[in-house]
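**Student:** What follows is a single structure, and I will ask about it in a moment.
The values are calculated or read from the model by the stated rules, or taken from the named source; none is laboratory data. From a predicted model like this one, the values you see are computed outputs, not experimental measurements. Ideal geometry is used to build each Cβ from the backbone, glycine not excepted, and the neighbour counts take in all protein chains shown.
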Amino acid sequence: MSAIPAATVGRLVTYLRVLTELEQEGVRSASSDDLGAATRVSAFQVRKDLAYFGRFGTRGAGYTVATLRRELRRILGLTRPWHVAIVGMGRLGQALADYPAFDRQEFRLVAAFDVDPAVIGRRIGAVQVESLASLAEVAAERAIDLAFLTVPAAAAQGAVDALAAAGVRGILNFAPVVVTAPENVRVEAVDLSAGLQRLTYYVQAEPATVGEVTG
Ligand code: NAD
């Protein structure tokens, strides 16, 4: 499975969202063209992405929405609930703790950690903030699988090490720093500034062309 391109995994998430909307609208079947149009990729790309995981749909008849949706949920590991923690309960951590998506079945916010005594003990959203010192104990007790990392950049690597040692397998890192983690821990970075910088590349008055770089 390691040969699956990350871009394919990203598109599977989008296909799943589209299929969920189609199912809610009562649509029973969809073609690669439909899925491609809804996700802004070609029908060929849709078929190629799905082919990594087996055969879906029937030539000419397309896919049964409910079946493909179920299969994508299985492929993405969404058939069991995942226990999520937040490390760093400042502005961003508190906003995430209040985010209503955690009412859903697949992701359950089960803990929140900080090092600041001013925030430890406070209830925010569905969780009470606990001391980072209790991470290992709480992670084992509540089977924490995944974590949002919303600490200052300087604290990020230490927090990743502590999360990995506590058995957390996936980290969504919001801190603007590249961190390293053991092989069995997956780290995904979320960076809004990088998104803005990609935008400015495209919307600037005269996009840069290949030129000479000196220095
Ligand atoms: P903040 O200063 O409001 O909150 C940081 C919190 O982390 C504080 O409560 C602090 O006590 C806590 N903390 C510090 N060290 C810790 C540790 N070792 N373990 C646990 N908690 C610890 O900052 P913020 O505005 O919420 O931003 C949090 C992080 O997210 C920063 O790194 C910031 O640069 C980043 N950020 C990223 C994006 C993005 O697009 N990815 C957007 C906004 C902020």
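**Student:** Of A181, A155, which residue is more than 20 Å from the chain's Cα centre (by Cα) and modelled with pLDDT of 95 or more?
**Tutor:** Of A181, A155, the one residue that is more than 20 Å from the chain's Cα centre (by Cα) and modelled with pLDDT of 95 or more is A155.
**Student:** For the subset of the range 91-140 comprising residues that are closer than 30 Å to L16 by Cα and among the acidic types (D, E), which member is modelled with the lowest pLDDT?
**Tutor:** Among those residues, the one meeting the criterion is D103.
**Student:** Then there is this: So which residues in the range 22-37 are over 13 Å from L68 (Cβ atoms) and assigned to a helix (DSSP H, G or I)? Give the derivation first.
**Tutor:** Here is the first cut: in the range 22-37, the residues over 13 Å from L68 (Cβ atoms) are 24-26, 33, 36-37.
Of everything in the range 22-37, those that are over 13 Å from L68 (Cβ atoms) and assigned to a helix (DSSP H, G or I) turn out to be Q24, D33, G36, A37.
**Student:** Another question, then. Counting only residues that are surrounded by 20 or more Cβ atoms within 10 Å (Cβ to Cβ) and not in a helix (DSSP H, G or I), which one in the range 72-90 is farthest from the ligand (Cβ to nearest atom)?
**Tutor:** V84
**Student:** Identify, please: which residue in the range 137-162 is under 15 Å from H83 (Cβ atoms) and aliphatic (A, V, I, L, M) and is, among those, surrounded by the most Cβ atoms within 10 Å (Cβ to Cβ)? Walk me through how you get there before you give the answer.
**Tutor:** Here is the first cut: in the range 137-162, the ones under 15 Å from H83 (Cβ atoms) are 137-148.
Applying the additional criterion that residues be aliphatic (A, V, I, L, M) yields 138-140, 143-144, 146-147.
On the way: V138: 19, A139: 23, A140: 11, A143: 11, I144: 23, L146: 17, A147: 30.
Among those that are under 15 Å from H83 (Cβ atoms) and aliphatic (A, V, I, L, M), it is A147.
**Student:** Next question, about the same structure. Can you name every residue in the range 190-209 that is hydroxyl-bearing (S, T, Y) and more than 23 Å from F148 (Cα to Cα)?
**Tutor:** Once the filter is applied, which keeps residues that are hydroxyl-bearing (S, T, Y) and more than 23 Å from F148 (Cα to Cα), the range 190-209 yields T200, Y201, Y202, T209.
**Student:** Where residues in the range 91-122 are among the basic types (K, R) and surrounded by 12 or more Cβ atoms within 10 Å (Cβ to Cβ), which of them is nearest to the ligand (Cβ to nearest atom)?
**Tutor:** Ranking the candidates gives R122 first.
**Student:** Hey, can you tell me all the residues within the range 1-36 that are hydroxyl-bearing (S, T, Y) and surrounded by 11 or more Cβ atoms within 10 Å (Cβ to Cβ)?
**Tutor:** Listed by number, the residues that qualify are T8, T14, Y15, T20, S29, S31, S32.
**Student:** Give the number of residues within the range 141-172 that are among the aliphatic types (A, V, I, L, M) and more than 20 Å from E183 (Cα to Cα). Give the derivation first.
**Tutor:** We begin by selecting, within the range 141-172, every residue among the aliphatic types (A, V, I, L, M); these are 143-144, 146-147, 149, 151, 153-156, 159-160, 162-166, 168, 171-172.
Checking which are more than 20 Å from E183 (Cα to Cα) leaves us with 151, 153-155.
Selection size over the range 141-172: 4.
**Student:** In the set A155, A140, A136, which member is out of contact with any strand residue (DSSP E or B) (no Cβ under 7 Å at 6 or more places or on another chain), part of a helix (DSSP H, G or I) and either more than 15 Å from the ligand (Cβ to nearest atom) or at positive phi (or both)?
**Tutor:** Just one listed residue meets the conditions, A140.
**Student:** Moving on. Which condition number in (1) in contact (Cβ under 8 Å) with a residue 12 or more places away in the chain; (2) on the phi < 0 side of the Ramachandran plot; (3) away from the ligand (no atom under 16 Å from the Cβ) is the one that G62 fails?
**Tutor:** Failed condition: (2).
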